[in-house]
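The values are calculated or read from the model by the stated rules, or taken from the named source; none is laboratory data. As the structure is a computational prediction, the values presented were derived from the model and not from experiment. Virtual Cβ from ideal backbone geometry, glycine too; neighbours counted across all protein chains shown. Ligands, DNA and RNA are stripped out before the accessible areas are found, and what is left, the full protein with its side chains, is counted by its heavy atoms. Shrake-Rupley method; radii C 1.70, N 1.55, O 1.52, S 1.80 Å.
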Amino acid sequence: VALTLLLFGVQSAPASVAETRSWEFSVLLDGSEIGYHNFELVEAGERQEVISEARFDVRFLFFNAFRYRHNNRALWQGNCLSSIESQTRQNDKRFSVRGSQVDNQFTIESDGEAMTLDDCVMTFAYWDSDFLQQQRLLNPQSGEYLPVNVEPLGKQAVVVRGNTVQASAYRVTAKATELVVWYSDDDEWLGLESVAKGGRIIRYELT
């Protein structure tokens, strides 16, 4: 018995194994590619970390008419946001958002202004279809906590990795933003489309 214990030791319960998923999207403006938006999700039990990066460049003749950079890191506990930190540059404008869960409340600071939100906050977490059940969502770029409306649109055709598939579509409306997001039958996020300034169409295609 002593030799067995020395060889194998006392076995403890295994730690949660982290699993990683990622989504890489080409971003198109009126059908022309302008950049990318990538997401990486690391899950370990109820704890999740999501890192996203977006880079858009819209050129007119020889000039860069529009430049967008966005980096976001968020920690989650189940469906509740634990902390978030994002940096955004839109042409010459810069935005900064930082927030964390403290004493059953979520405190958010955006460009020097702070406010306290509910004890369980969700962002526009497209990678988790549960966000469609929420009545309010945090905008990770501006720090605004927005009322939202979600409308199921039924099945629609969407391009996924070069192939056209049927997917469940939902229209999400929040303030001046309106978008359509698509999911597979097993709730995998497949794409997104929104209307930009001037009625131009921004579309995310999964690569």
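So what is log10(I(q)/I(0)) for the range 103-170 at q = 0.12, 0.16, 0.26 1/Å, when the Debye sum runs over its Cα atoms only?
-0.45, -0.68, -1.18
So what is the accessible area of the chain per residue, in Å², with the probe set to 1.4 Å? Mind dumping the intermediate values first?
Working: 12540 Å² over 207 residues.
Using a 1.4 Å probe on heavy atoms only, each residue of the chain averages 61 Å².
With a 1.4 Å probe and every protein chain kept in, tell me what percent of the accessible surface of the chain is carbon plus sulfur.
Values: 6050 of 12540 Å².
Looking at the chain in its full context, I get 48 percent from C and S.
Which of ARG59, ARG73, ARG94 moves most in a GNM of the chain, Cα contacts under 10 Å?
Result for the chain, Cα springs under 10 Å: ARG59 fluctuates most.
Could you give the distance between the Cα centres of the range 113-135 and the range 136-207, to the whole Å?
If we compute the Cα centre of each part, the gap is 16 Å.
Identify the chymotrypsin sites (Phe, Trp or Tyr not before Pro) of the range 118-155 meeting these criteria: DSSP loop state and at most 10 other C-beta atoms within 10 Å of the C-beta.
Listed in order of number, the matching sites amount to none.
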